[in-house]
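Heads up, the thing below is written out as structure tokens.
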Amino acid sequence: MSKQLNIDNVKRNDFFKDVFDIRSFIILFAVFSLVSIWSANMVYNNTRKITSLNKEVQNLKAEYVSTKTILMTKSKRSYLLKKAEFFGLYESKNPLKIIYLENEY
């Protein structure tokens, strides 16, 4: 280091020639470029994956709402009464009677 910082070397421009060697700059620039391209590619792939997963989530939410709506429709009392009529069952005109049992433990 002291050889490079010698005043005579600075005056002759050898200091700048040694420090800023063009070959080392090209190698460093190439490595930086490769790392930068790799990093941009990784970000792009992750963004594409996130976008496809968001679309899948939206489709699943729509399917969930659709299935829930169908289930609610099929569990309505009026729908069940119509289905029961097909089997010969009808709604009773008398109210239900509840029987309570006492446990003998």
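Please treat every number below as a calculation from the coordinates, not as lab data. If you're wondering where the values come from, they're calculated on a predicted model, not measured in any experiment. Virtual Cβ from ideal backbone geometry, glycine too; neighbours counted across all protein chains shown.
Values computed for the structure shown
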| read-out | value |
| --- | --- |
| Size of electric dipole in the stretch 22-83: Cβ of Lys, Arg +1 and of Asp, Glu -1, about Cα centre, debye, nearest 20 | 700 |
| Highest to lowest packing among 55-67, 83-95, scored as the average C-beta count within 10 Å | 55-67, 83-95 |
| Extension gain (nm, one decimal) between residue 47 and residue 81, 0.36 nm per residue minus Cα-Cα | 7.1 nm |
| Estimated distance in nm for a label pair at residue 55 and residue 35, the labels positioned 7 Å out from Cα along Cα-to-Cβ | 3.4 |
